[in-house]
Amino acid sequence: MSHPTALRAERPSATAPPRRRVSTTKRKQNIAAYLFILPFFVIFLAMLVVPLVYSGYLSLFESRLIGGEAFAGLANYSRALQDPQFLSSVGRVGLFLLIQVPIMLGIALVLALVLDTGRAGGSKAGRLLIFIPYAVPAVVATLMWGYLYGPDFGPIAQVSRAVGLGTPDFLSPENILGSLINIVTWEFIGYNMIIIYAALRSIPPELYEAAEIDGAGPIRTAWSVKIPAVRPAIVLTIIFSIIGSFQLFAEPSLLNAIAPDAITNSFTPNYYAYNLAFINRELNYAAAIAFLLGIVIAVISYVVQLSEQRRERREGAM
Amino acid sequence: MSASRTARKLGVIVVVGALALTACSPGGGGGDEAATTDDITAEQREEALSTPTELTFWTWVPDIENQVALFEETYPEIDVTVENVGQGLPHYQKLRSALEAGEGAPDVAQIEYQYIPSFVLSEALLDLTPYGASEIEDDYVGWAWNQVAPGEQVWGIPQDVGPMGNLYREDLLTQAGITEPPATWEEYATAARAVKDTTGSYISNLGATQAGQLIGFMWQRGAKPFGYDGEQTVSIDVNSDEAKEVATYWTDLIQEDLISVDVDFQDQWYQGLASGKYAGWLTAAWGPVFLQGTAESTSGLWRAAPLPQWEEGDNVSGNWGGSSDAVLASSENPIAAYELAKFINNDDASALSLATEQFLFPPQTSVLENAEFADQESEFYGGQKVNELFSEISDTVDTEFQWLPFMEYVYSSYEETIGTVIAEKGDIAAALDDWQDQLVSYAESQGFTVE
């Protein structure tokens with residue numbers, strides 16, 4: 001965690017010589033500070049760290065229906081790395097990520113920029129409308145789209161048949177990934193738009209004045225002033241999206257009910273871990289899969305951050 | 001830039017959180033209490049039933065409170081709480097969690113026949129023989145009793161069964177020139193062609209991911225895909241010659257586009273039954289009432305018949321579905337719990353009302369022979385005595401069919417290997433080999449001896 005380092009760095013180092021004599025007020029303040037963050041750390045430990053350690057412990061064992069539990073070392077992990085179902089599920093969400101995230105964030109960015117110019121009439125209502133899908137629970141959203149996709153009496157299929165285009169099969173094994181991309185994009189555009197929009201609102205207006213004086217039009221301002229200024233927010237949304245993609249669960253698990261032939265048990269890594277634990281009754285292996293998935297997410301998120309940092313540094317040097 | 005640092009920090013927090021969330025999963029082990037093996041005496045039974053006792057009963061049978069009320073009237077000291085924790089898989093998941101946690105499990109639970117072995121394996125069920133269960137064996141049709149008592153022990157009391165038959169649209173078949181329901185599978189294929197050509201309907205639908213239906217067909221063919229000795233040995237033979245014969249038959253019909261492969265129990269499928277997209281449904285004895293509710297607008301057009309046969313003149317059927325009520329080994333009041341499971345499914349009034357009010361298809365001979373049940377004429381089926389027909393079919397179900405102690409995996413693996421092939425109209429017989437391989441390797445990895 002970077003909290004403690006940040007706090008320490010902010011403390012003035014000038015107080016070094018009379019080190020012993022930390023004033024009592026200061027000490028009291030410190031104690032109060034620790035007391036304030038204590039509830040967070042208690043819950044953090046009990047709800048996150050302990051389960052994490054416990055499932056790490058579980059992942060080192062092997063439990064069979066016959067013969068019970070036995071220590072297995074890293075056998076579950078090496079099995080996972082050779083498990084074609086796990087690997088293909090990671091590959092599938094990787095593909096999902098590469099296609100869905102740029103589309104979703106692109107649309108979110110454009111919408112945020114349009115709303116920010118204030119030119120589009122009814123910007124408040126627009127903001128709300130775009131944000132509403134995020135307020136709809138994923139379960140409800142998936143059920144709703146499941147109905148819209150329905151090949152027999154889904155409205156899309158009916159319209160398509162009415163104009164003589166035949167019945168689109170959104171729920172076939174070939175098209176299901178695209179259908180899923182559509183659902184998730186619909187759900188999360190508003191959320192990402194709000195983050196970017198909030199960042200846009202915090203840009204100091206002097207920058208715009210300067211740009212205007214330099215003769216920049218609205219598009220040029222957006223490209224050269226606004227987008228660079230909100231880049232940290234965009235990186236944040238990218239990281240959220242990476243995590244969200246790898247953790248896809250509710251959508252595929254609900255679509256499985258209406259398209260069981262298209263959504264396999266290992267459609268996404270999370271869904272696979274769930275099925276391993278509750279259908280195959282291989283809790284230990286599921287724990288290993290969950291851990292590996294966490295590592296994959298951490299690595300990819302870190303790589304994205306690192307490349308962003310590099311880029312910043314490179315630009316800073318210029 | 002401070003905004004970017006915040007963003008990065010947030011990113012780190014989120015990543016840690018994500019790690020923690022994905023890594024959460026329950027675990028643990030549980031001990032099981034050994035059951036007593038001495039027979040229960042009449043005094044013990046008397047005492048247990050006259051002591052104030054609270055029982056918990058997990059089931060998803062609708063309105064079972066009515067039958068429970070009958071039980072409580074008879075034994076006023078016993079207080080039963082009925083809980084519906086979900087239907088099918090969620091029910092079993094909660095049951096297994098409670099058993100592993102060592103607390104919170106009910107005294108009596110509804111368990112479908114195919115899941116009994118998995119609970120026997122974890123020693124979660126009480127052997128009911130010392131409580132007098134073997135005495136009521138003759139009250140049930142033989143094959144249903146074999147489902148709850150494959151060996152010496154009795155693991156549950158049969159509640160309902162699903163012997164398979166053929167429900168079909170008489171009007172559509174007549175239009176295609178078929179006046180008698182197909183007696184053999186060969187005739188069925190011919191009829192399928194005629195129906196498709198003249199009416200455009202599929203003669204029936206094979207649910208792509210519906211393992212129960214295809215396993216029922218294998219059951220009829222005499223295949224023995226599964227076996228379990230109650231301990232550590234299983235036999236897996238889902239790609240036997242008989243099974244492949246069944247698979248090839250359906251592959252051919254599907255590839256000729258005479259049978260549709262829509263996923264069943266979905267809106268689209270309900271619509272298909274009501275709209276005449278399917279001119280029939282090869283289903284179990286619980287199907288007639290279900291269909292009546294689903295395809296109301298086609299009332300009077302349907303008829304029921306036995307399944308087509310593999311050999312002319314044969315009369316065999318398979319089973320699809322059905323459940324029992326079992327007593328958990330962890331129950332602190334096993335005698336009262338057994339009496340509850342028995343009463344619900346054995347008391348004349350209770351068992352009859354399960355059949356006439358909840359429309360469960362009975363395994364009790366007393367109900368099957370009861371005029372109130374058997375002579376019921378159904379308008380939906382043009383006044384046919386559907387119950388009587390399925391009673392007759394029930395006598396023709398092969399008696400020795402068994403299950404594996406890990407049917408959850410069997411079904412999910414079916415969906416993966418067979419379900420996708422059916423949906424793609426591929427070769428089901430070839431997919432049976434993949435299914436076989438997956439099942440064997442899972443069984444071996446779980447420590448079973450595979451025969």
Query raised in the report: Mind checking which residues of region B:402-451 are more than 21 Å from A:SER63 (Cβ to Cβ), assigned to a helix (DSSP H, G or I) and polar (S, T, N, Q)?
Result: B:THR417, B:THR420, B:GLN436
Query - So B:GLN87, is it within 14 Å of another protein chain (Cβ to nearest Cβ), farther than 15 Å from B:SER331 by Cβ, surrounded by fewer than 20 Cβ atoms within 10 Å (Cβ to Cβ) and without any contact (Cβ under 8 Å) to a residue 12 or more places away in the chain - result: no
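Just the residues that are surrounded by fewer than 15 Cβ atoms within 10 Å (Cβ to Cβ) and among the hydrophobic types (A, V, I, L, M, F, W, C), please, taken from region A:281-303. Walk me through how you get there before you give the answer.
Of all residues in region A:281-303, those surrounded by fewer than 15 Cβ atoms within 10 Å (Cβ to Cβ) come to A:295, A:299, A:302-303.
Scanning region A:281-303 gives A:ILE295, A:VAL299, A:VAL303.
Quick check, is A:ALA32 more than 27 Å from the chain's Cα centre (by Cα), open to solvent by less than 90 Å² (accessible area, probe 1.4 Å) and in contact (Cβ under 8 Å) with a residue 60 or more places away in the chain?
Details: more than 27 Å from the chain's Cα centre (by Cα): yes; open to solvent by less than 90 Å² (accessible area, probe 1.4 Å): yes; in contact (Cβ under 8 Å) with a residue 60 or more places away in the chain: no.
No; evaluated as a whole, the condition is false for this residue.
Please pick out the residue among A:GLU312, A:GLU206, A:GLU212 that is facing chain B (nearest Cβ under 8 Å), surrounded by fewer than 16 Cβ atoms within 10 Å (Cβ to Cβ) and not in a loop (DSSP other than H, G, I, E, B). Spell out how you get there, then give the answer.
On the way: A:GLU206 fails: facing chain B (nearest Cβ under 8 Å); A:GLU212 fails: facing chain B (nearest Cβ under 8 Å).
Being facing chain B (nearest Cβ under 8 Å), surrounded by fewer than 16 Cβ atoms within 10 Å (Cβ to Cβ) and not in a loop (DSSP other than H, G, I, E, B) holds for just one of A:GLU312, A:GLU206, A:GLU212, which is A:GLU312.
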Requested in this report: Mind telling me which of the residues A:ILE227, A:ILE263 ends up being open to solvent by less than 30 Å² (accessible area, probe 1.4 Å), more than 9 Å from chain B (Cβ to nearest Cβ), β-branched (Val, Ile, Thr) and under 30 Å from A:MET193 (Cα atoms)?
Outcome: A:ILE263
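Within region B:115-147, can you find the residues that are among the acidic types (Asp, Glu) and open to solvent by 40 Å² or more (accessible area, probe 1.4 Å)? Step through it out loud before you land on a result.
Taking region B:115-147 as the starting set, the residues that turn out to be among the acidic types (Asp, Glu) are B:123, B:127, B:135, B:137-139.
Those that are among the acidic types (Asp, Glu) and open to solvent by 40 Å² or more (accessible area, probe 1.4 Å): B:GLU123, B:GLU135, B:GLU137, B:ASP138, B:ASP139.
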**Report entry** Residues of region B:94-114 satisfying the condition of being closer than 22 Å to B:TYR409 by Cα, of a type outside the set (A, V, I, L, M) and either open to solvent by 10 Å² or more (accessible area, probe 1.4 Å) or within 14 Å of chain A (Cβ to nearest Cβ) (or both)
**Finding:** B:LYS94, B:ARG96, B:SER97, B:GLU100, B:GLU112, B:GLN114
Report summary line: In region B:396-428, anything open to solvent by 10 Å² or more (accessible area, probe 1.4 Å) and under 30 Å from B:GLU256 (Cα atoms) is listed as B:TYR411, B:SER412, B:GLU415, B:GLU416, B:THR417, B:THR420, B:VAL421, B:ALA423, B:GLU424, B:LYS425, B:GLY426, B:ASP427
Query - Matching entry among B:SER299, B:SER235, B:SER240 (being under 21 Å from the mean Cα position of the chain (by Cα) and either under 30 Å from B:PHE119 (Cα atoms) or touching a residue at least 40 places away in the same chain (Cβ under 8 Å) (or both)) - result: B:SER235
Requested in this report: Go through region B:311-378 and tell me which helices (runs of 4 or more DSSP H), entirely inside it, have 2 or more residues that are crowded, with 21+ Cβ neighbours inside 10 Å.
Outcome: B:334-346, B:348-356, B:365-369
Requested in this report: Taking A:ARG92 as the residue in question, decide whether it is under 19 Å from A:THR268 (Cα atoms), among the basic types (Lys, Arg) and under 24 Å from the mean Cα position of the chain (by Cα).
Outcome: yes
Requested in this report: Could you grab me the full set of residues in region A:98-128 that are surrounded by 19 or more Cβ atoms within 10 Å (Cβ to Cβ) and closer than 23 Å to A:ILE243 by Cα?
Outcome: A:GLN100, A:VAL101, A:MET104, A:LEU105, A:ALA108, A:LEU109, A:LEU111, A:ALA112
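Of these, A:VAL93, A:VAL101, A:VAL114, A:VAL110, which one is touching a Pro at 6+ places or on another chain (Cβ under 8 Å) and of a type outside the set (D, E, K, R)? Quick ask: steps written out before the conclusion?
Numbers: A:VAL101 fails: touching a Pro at 6+ places or on another chain (Cβ under 8 Å); A:VAL114 fails: touching a Pro at 6+ places or on another chain (Cβ under 8 Å); A:VAL110 fails: touching a Pro at 6+ places or on another chain (Cβ under 8 Å).
One residue alone meets the criteria, A:VAL93.
Return yes or no: is A:LEU148 modelled with pLDDT of 90 or more and open to solvent by 70 Å² or more (accessible area, probe 1.4 Å)?
On the way: modelled with pLDDT of 90 or more: yes; open to solvent by 70 Å² or more (accessible area, probe 1.4 Å): no.
Criteria not met by A:LEU148.
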Report task. Tell me, please, whether a residue that is within 14 Å of chain B (Cβ to nearest Cβ), at pLDDT 90 or above and within 30 Å of B:GLY230 (Cα to Cα) can be found in region A:91-98. Result -> no
Query raised in the report: Just wondering, is there one or more residues in region B:431-444 that are in contact (Cβ under 8 Å) with a residue 24 or more places away in the chain, out of contact with any helix residue (DSSP H, G or I) (no Cβ under 8 Å at 6 or more places or on another chain), within 14 Å of chain A (Cβ to nearest Cβ) and open to solvent by less than 40 Å² (accessible area, probe 1.4 Å)?
Result: yes
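Given the structure, is A:LEU200 part of a helix (DSSP H, G or I) and surrounded by 19 or more Cβ atoms within 10 Å (Cβ to Cβ)? I'd like the intermediate steps shown before the answer.
Details: part of a helix (DSSP H, G or I): yes; surrounded by 19 or more Cβ atoms within 10 Å (Cβ to Cβ): yes.
So A:LEU200 fits the description; yes.
The values are calculated or read from the model by the stated rules, or taken from the named source; none is laboratory data. Since this is a predicted model, take the numbers as computed values, not measurements. Cβ coordinates were reconstructed from backbone atoms using ideal geometry, including for glycine residues, and neighbour counts include every protein chain displayed. With ligands, DNA and RNA removed, areas are computed over all heavy atoms of the protein, side chains included. Shrake-Rupley method; radii C 1.70, N 1.55, O 1.52, S 1.80 Å.
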